[in-house]
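**Q** Below: one structure in structure tokens.
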Amino acid sequence: MNFPQQLRFAGRAFKRDVKAGELRVLALALIIAVASVTAVGFFTDRIGRAMERQAADILAADLLATSGLALPESIATRAIELGLDTARHTRFPSVVVNQDDESQLVAVKAVTSGYPLRGALKLTTLDAPTEPAPLDTPALGTVWIDVQLKNILAIDQGDTLTLGAKDFIVERLIQYEPDRGENVFEIAPRVMLNMDDLEASQLLGPGSRARFTFLMAGEVSPIDSMKDWLESNVASEVRVQSVRDGSPQLQRALTRAQRFLGLASVVTVLLAGAAIALAVRQFSLHQADASAVLRTLGATRTEVVIWLVLRLAMIVVLASVIGIVVGWFAQLVLAKLLQTWFSMVLPAPGIWAPVIGTLTALIAVAGFGLMPVLRAGRVAVMRVLQRDYSGLDTSVVMTTLIGVIATYFVVLLQSRDWLLSAIVVAGVVAMLGVFALFGRIIIKAVRAVAGARYRLSVAGLQRRAGSSVVQLAAFAMGIMALLLIAIVRVDVLEAWERDIPPDAPNVFVVNIQPDQVDGFKQRLDNQNIKVAGVFPMVRARLAAHNGEATLADEQNERQQRRARREYNLTYSNDLPIAGEIVEGEWWATDGTAEPGWSIEEEWAAHRGYAIGDTLTFKIAGVDVTAPIMSFRKVDWESFQVNFFVVGSPATLVDMPATFVSSFKIDSDFSTTTGGWAREFPGIAALDIGAIMNRVKTLMDRASLAVEYVFLFTVLAGICVLLAAVQSSQGERIRESALLRALGASHHQIKHAVVAEFAILGAIAGLLAAFFATVVAWALSRFVFELPYEFNGWLWIIGVLGGAVGISIAGYFATRRVLTTPPVVALRNTA
Amino acid sequence: MNNSTQSADSAAAQPLADTPVLSGSQIEKSISGPSGLLTILHSLDIAVDNSEAIAIVGPSGSGKSTLLGILAGLDTPTSGSVHMLGENLNDLDEDQRARLRAGKVGFVFQSFQLLPGLNALENVMLPLELSNTPDASDRAMTMLDQVGLADRATHQPLQLSGGEQQRVAVARAFVSNPALLFADEPTGNLDSGTGHKISDLMFSLREQLGSALVLVTHDETLAMRCDRRLRMGDGKLTSV
């Protein structure tokens, strides 16, 4: 046969396959695999991009360039060339004076139109602080102020504030500033004005302590080029910040969400792969007879193999097209659902999802189908005369090996991580091995204890020992995925949410003077506010490491700038809350400790510090040197006051310090903190509830997305169960025909089938619960870094759910067993 | 396609009139069973002349089908040799044996062995397509007409009765005008009336086309219609 003939020949057979339902399960598995990979791909792509945009709110842009000197014009030129949206702001400290000649130190921010490029300011008038009153940019001659300044200077709507040489009318109250969280310790209250007013106010002279920021936003690729360009082209005193360098809380939330979504799609692909493997094996077994006939009639093995391969290729193409269409619509629906939760139009998906979907189908079919198809091509021709010539190559080593390699590549396509894929595949292989081994042992044990009533069912299991173990492994894998989704997902997500404790502080108070500490504590007590602690804060610069000046150490200006950076140190007898010692020891808590430092572990690792090294900080002109005594792990997500560097009291107690505190309030921020500024001059209360809410919202959205994505995993899991049930259908039809011919009643056979599946389901559920526990623990511990709690329901639901679910699925899938007339079944067997 | 297959093709295309179309000498077949090596066929000799019909009869399990498989090149003997259409099957590998059969050897099986994925016409076309014969569809249709199933051409095997399926199988066996036909209990799955019709059809087509026939059966009446009868017993063949 030449190739076009072969193609026609295969085409004809394929048409019949489709009509006869021969490839139904395989097609279904493939469509689900392609649809879920495509939908998850499209969806995670869009959600991922949307979440990055949300994170971008924190910067008010996708990319920032900030400097203490005026920024070179080349940045703007380049950004415009790349088609980016741009804006600027300039921040500096200054003093405002109100109509009563009261003055206050403020943090001025002059902005151009367009600011913020990402996220939005929430503005109200000063009269109605609950009614949104949006405006684009402060009009010339007006300023916007925050709640803190309103309280300190008792400002009303329309009042005049003097800033430098110019008077401004107060027009709006800033309730929320997206990028305010970027620098929580910028303690002074905010005054925002138009950039064009900056010159008129003559506030910025030479030597002013201003920070100039250029904001950029746009598509991923021009942003990446801009970032690269900035990093290699502008003077190193320009600090470049992108979404990914955002605040640690958001970054971790984002990373976790992506891991969840990645995990969901990997599990989906694994399950769909298992369904494909089962279905393709079934297809090949069915084709053994046909291939023997073909070869009897003169076809070579190659021709038979090509005939089978072409049919599989056709099903891959057909299923991929249907899968991509289904996947596209599925993600449209999902995106629409989530659209309302995201405060933006979801970005368009990339083109990779359908490509990955098709590749997944192709690799899965090729990997799992190659050996069975080759085997079907090599089947002993004598089969046409004597059925007991199975002739099927029983060596499973090669099949398994190729299957494992295919699984690896399929997982790799999803995870894009060589090592992670290897670990996942090794885990799955080990798991299937254990399923098979224990399955066999348990089936034997069940047979030993089964009474006469169930003997027929258990005998059925053992008669089909080979396929029973395959089915058992597939059921266990499917149930495990469903358990992980149904229960563990909830556990992990809850643990994640618990990560922000309900009593997490939402107010920070800074700049409390030493003589105000007791009074302030009393004030909080009067207002029934519980405080975890009031911590001293000492501003310092890092001067030397082991006696060597750190400035000389740092290789480039950027590092030097970091070295020049001011740090907030604290001192304490006790280990601060939300911290634990990972190396070294905490000092004596009775106040007798020698001078020493305790350093945050990542901060120390980054700089290569070791226990026993000495660090010198310059504080108010004085060098303070002490050895590093311990490294601490700090839980930044606790929202408690945290410090990179803590000294023992003896180290810092004599240094000039202000005090800081944090606590949770349930009432309105501005009402609660209203009188504080006048009562304790200089202190600043910061509302971080808004920022925390954003982190929480992000987590909620991410977990919602994950739940939707897991729907596909459930579908794939069901497909595995279906494929596994189908794989023994032919055998069951023949057996039950025989039993019915021998006089078994309809009821007896139904009972036997259901009981056999129930036993299989219960065993699979037991194994699945065990592995789900192990996997959940490992995921919590190593992937999501969350505490894991043992869940007993897993076992109960696993075993009961497995027995009930599988027997129902088995009953429906094998209804043909009961409806096929024995004579038809037996004639087809002959 | 390799050289030896080509030589097989050319040899088969012009079978020599004075050599048997099929011959086996000293055929032995042993398989390893639970109680050691079990010899099914003992040094058998057999020859089938052009257009000759021979029947191999014997009880179930006597090794008739094993012999048929070896003679047709579907299986290999433990020792001895088989010559088919002028080729020593021992010199050919499995694919070359398949090539040798393509279009020149027909089969009728007890269980019909129609491909479930193909309709009646497509099943009949198979041997022609496998031997790259032109006009496969027309010739197959003519053959279906000859067996009286022209109106069932587009039916699936499962939509046909047992007798009809076997008629399709007969049409498939003769469509390529084979030099040699193997039939394994062709009426074994059919009632006696249908069985008669099938055997009439088979023998009339055989006479018409001049194909040699090797028929394995335990039906003595059917065997009587052949030119020669051989009885299989204890792994040996004896003339009846």
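The values are calculated or read from the model by the stated rules, or taken from the named source; none is laboratory data. All values reported here derive from a predicted model rather than from experimental measurement. Cβ sites come from the backbone with ideal geometry, for glycine too, and all protein chains shown count toward neighbours.
**Q** On the basis of being over 29 Å from residue A:795 (Cβ atoms) and crowded, with 17+ Cβ neighbours inside 10 Å, does residue A:759 make the cut?
**A** Criteria not met by residue A:759.
**Q** Take the stretch A:180-219 and flag every residue that is more than 16 Å from residue A:138 (Cβ to Cβ), charged (D, E, K, R) and modelled with pLDDT of 80 or more.
**A** Residues satisfying the conditions are A:211, A:219.
**Q** So, residue A:350, is that one at pLDDT 85 or above and farther than 28 Å from residue B:33 by Cα or not?
**A** No; evaluated as a whole, the condition is false for this residue.
**Q** Moving on to the next point. With the checklist (1) of a type outside the set (Phe, Trp, Tyr); (2) in contact with a strand residue (DSSP E or B) (Cβ under 9 Å, 6 or more places away or on another chain); (3) free of Cβ contacts under 8 Å to residues at least 24 places away in the same chain in hand, flag the one item residue A:136 doesn't pass.
**A** Against the list (1) of a type outside the set (Phe, Trp, Tyr); (2) in contact with a strand residue (DSSP E or B) (Cβ under 9 Å, 6 or more places away or on another chain); (3) free of Cβ contacts under 8 Å to residues at least 24 places away in the same chain, residue A:136 comes up short only on (2).
**Q** Identify, please: which residue in the stretch B:84-130 is touching a His at 6+ places or on another chain (Cβ under 9 Å) and at the interface with chain A (Cβ under 9 Å from one of its Cβ atoms) and is, among those, modelled with the highest pLDDT?
**A** Looking at residues that are touching a His at 6+ places or on another chain (Cβ under 9 Å) and at the interface with chain A (Cβ under 9 Å from one of its Cβ atoms), I get B:119.
**Q** Right, another one. Of the conditions (1) away from chain B (no Cβ under 14 Å); (2) modelled with pLDDT under 85, residue A:802 clears all except one; give me its number.
**A** Only one criterion in (1) away from chain B (no Cβ under 14 Å); (2) modelled with pLDDT under 85 is unmet by residue A:802, namely (2).
**Q** Let me ask something additional. Quick check on the stretch A:85-117: of everything there that is at pLDDT below 85 and either touching a helix residue (DSSP H, G or I) at 6+ places or on another chain (Cβ under 8 Å) or aliphatic (A, V, I, L, M) (or both), which residue is farthest from residue A:67 (Cα to Cα)?
**A** By that ranking, first place goes to A:102.
**Q** Out of curiosity, is residue B:178 within 19 Å of residue A:287 (Cβ to Cβ) and either more than 9 Å from chain A (Cβ to nearest Cβ) or modelled with pLDDT of 95 or more (or both)?
**A** no
**Q** Another one. Assess whether residue A:62 counts as being more than 30 Å from residue A:363 (Cα to Cα) and free of Cβ contacts under 8 Å to residues at least 60 places away in the same chain.
**A** Answer is no for this residue.
**Q** Within the stretch A:301-314, is there a residue that is among the small types (Gly, Ala, Ser) and buried (at least 24 other Cβ atoms within 10 Å of the Cβ)?
**A** no
**Q** Kindly indicate whether any position in the stretch B:149-166 is of a type outside the set (Lys, Arg), touching a residue at least 12 places away in the same chain (Cβ under 8 Å) and touching a strand residue (DSSP E or B) at 6+ places or on another chain (Cβ under 8 Å).
**A** Yes, some residue in the stretch B:149-166 is of a type outside the set (Lys, Arg), touching a residue at least 12 places away in the same chain (Cβ under 8 Å) and touching a strand residue (DSSP E or B) at 6+ places or on another chain (Cβ under 8 Å).
**Q** For residue B:153, are the conditions met, namely being at pLDDT 90 or above, within 22 Å of residue A:14 (Cα to Cα) and within 13 Å of chain A (Cβ to nearest Cβ)?
**A** Considered against the rule, which asks whether it is at pLDDT 90 or above, within 22 Å of residue A:14 (Cα to Cα) and within 13 Å of chain A (Cβ to nearest Cβ), residue B:153 comes out as no.
**Q** Could you pull out the residue among A:458, A:470, A:492 that is modelled with pLDDT under 65, buried (at least 21 other Cβ atoms within 10 Å of the Cβ), part of a helix (DSSP H, G or I) and not small (Gly, Ala, Ser)?
**A** Every option except A:492 fails the conditions.
**Q** In the set A:412, A:419, A:432, which member is modelled with pLDDT under 85, surrounded by 16 or more Cβ atoms within 10 Å (Cβ to Cβ) and closer than 27 Å to residue A:358 by Cα?
**A** A:432
**Q** Is it true that residue B:168 is more than 10 Å from chain A (Cβ to nearest Cβ) and within 15 Å of the chain's Cα centre (by Cα)?
**A** yes
**Q** Quick check: is even one residue across the stretch A:666-687 of a type outside the set (Asp, Glu), surrounded by fewer than 22 Cβ atoms within 10 Å (Cβ to Cβ) and in contact with a Ser or Thr (Cβ under 6 Å, 6 or more places away or on another chain)?
**A** Looking through the stretch A:666-687, none of the residues is of a type outside the set (Asp, Glu), surrounded by fewer than 22 Cβ atoms within 10 Å (Cβ to Cβ) and in contact with a Ser or Thr (Cβ under 6 Å, 6 or more places away or on another chain).
**Q** Among the candidates B:60, B:79, B:137, which residue alone is polar (S, T, N, Q), in contact with a strand residue (DSSP E or B) (Cβ under 6 Å, 6 or more places away or on another chain) and more than 10 Å from chain A (Cβ to nearest Cβ)?
**A** Result of the check over B:60, B:79, B:137: B:79.
**Q** A further question follows. Is it fair to say residue B:71 is more than 9 Å from chain A (Cβ to nearest Cβ), hydrophobic (A, V, I, L, M, F, W, C) and either within 21 Å of residue B:20 (Cα to Cα) or touching a His at 6+ places or on another chain (Cβ under 7 Å) (or both)?
**A** It is true that residue B:71 is more than 9 Å from chain A (Cβ to nearest Cβ), hydrophobic (A, V, I, L, M, F, W, C) and either within 21 Å of residue B:20 (Cα to Cα) or touching a His at 6+ places or on another chain (Cβ under 7 Å) (or both).
**Q** Sort out which residues of the stretch A:327-347 are modelled with pLDDT of 75 or more, among the aliphatic types (A, V, I, L, M) and surrounded by fewer than 19 Cβ atoms within 10 Å (Cβ to Cβ), and write them in order of number.
**A** A:332
**Q** Find the helices (runs of 4 or more DSSP H) located wholly in the stretch B:159-229 whose residues include 1 or more that are out of contact with any His (no Cβ under 8 Å at 6 or more places or on another chain) and surrounded by 24 or more Cβ atoms within 10 Å (Cβ to Cβ), and list them.
**A** Once the helices (runs of 4 or more DSSP H) in the stretch B:159-229 are filtered for at least 1 residues that are out of contact with any His (no Cβ under 8 Å at 6 or more places or on another chain) and surrounded by 24 or more Cβ atoms within 10 Å (Cβ to Cβ), what remains is B:162-174, B:192-209.
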